[in-house]
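Heads up: the structure comes next, in structure tokens.
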Amino acid sequence: VLGLPLGHNNGLGVAVNYEDNGLFDGRDSRGVPTAGYSNRAYGLNLGWGFGDPRGLSLGLAIKANRQDLAGSGFNAVAGDLGLLWRLSSQASLGATYTNIGPDVEGYQLAQGLRLGLSSYIARGGNFQWLLALSGESLTHGENSFHMGIEHTLYQLLALRAGYGVNVPNTAVSGL
């Protein structure tokens with residue numbers, strides 16, 4: 001991950017990811033062993049953000065991903081759009097819409113709207129407490145609600161705790 005300030009409240013970010021889940025034992029529908037298979041994923045993300053003096057910030061990102069699974073490869077290109085509103089020096093409200101892009105092998109990407117609110121509930125010279133709440137609504141998946149708290153000491157160590165709960169989406173069916 002690399003972030004670069006561009007001046008005039010602009011910023012650019014680049015991220016590369018690689019994930020190798022190793023080898024898996026293959027099985028047929030009766031549970032009889034078959035040939036093994038692997039799962040790997042690669043990705044490149046490019047993002048740009050702009051903030052204005054009123055506390056509003058806009059972010060755009062484009063991402064390209066590839067996943068290799070059991071000898072098949074899947075490519076995806078998508079974009080994200082985000083908005084952050086700094087309500088005060090203590091609180092921020094944010095929203096993103098993610099995975100705007102074409103279908104992959106005939107399947108629509110799991111697009112989603114995410115909303116979040118964060119607020120410092122205590123600040124001192126060597127510490128701060130941050131409370132965060134968020135929700136997520138996905139087009140193809142379960143919706144969820146999250147909350148968490150973070151305690152930062154000496155701007156060096158952050159301890160976090162949180163909880164998330166899925167909200168069943170009755171319009172989603174599958175295995």
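Net length available on complete extension from Leu44 to Ala161 is 39.2 nm, with 0.36 nm assigned per residue and the Cα-Cα distance removed.
Selection among Leu46, Gln90, His151 by position relative to the dipole of the chain gives Gln90 as farthest towards the positive end (Cβ unit charges, Cα centre).
Remark on region 81-127: ratio of C-alpha radius of gyration to 2.2 N^0.38 Å is 1.75. The Cα-based radius of gyration of region 46-88, divided by its Kirkwood radius, gives an Rg/Rh of 1.28. Please give the residues of region 141-162, grouped as numeric ranges, whose backbone N is less than 16 Å from a label point set 7 Å along the Cα-to-Cβ vector of Phe127. Those under the cut-off are 149-161.
Entry comment: accessible area of region 1-151 is 65 Å² per residue, from protein heavy atoms only and a probe of 1.4 Å. Rounded to the nearest 20, the size of the Cβ-charge dipole of region 54-175 about its Cα centre is 540 debye, with Lys and Arg at +1 and Asp and Glu at -1.
Once the mean of 1/r is taken over each pair of separate Cα atoms and inverted, the chain shows a Kirkwood hydrodynamic radius of 19.4 Å.
The values are calculated or read from the model by the stated rules, or taken from the named source; none is laboratory data. Everything numeric here is computed off the predicted structure, so don't read it as measured data. Please note: Cβ atoms are built from the backbone with ideal geometry, for glycine as well, and neighbour counts cover all protein chains shown. We work out accessible area using only protein heavy atoms, side chains counted, and drop any ligands, DNA or RNA first. Shrake-Rupley method; radii C 1.70, N 1.55, O 1.52, S 1.80 Å.
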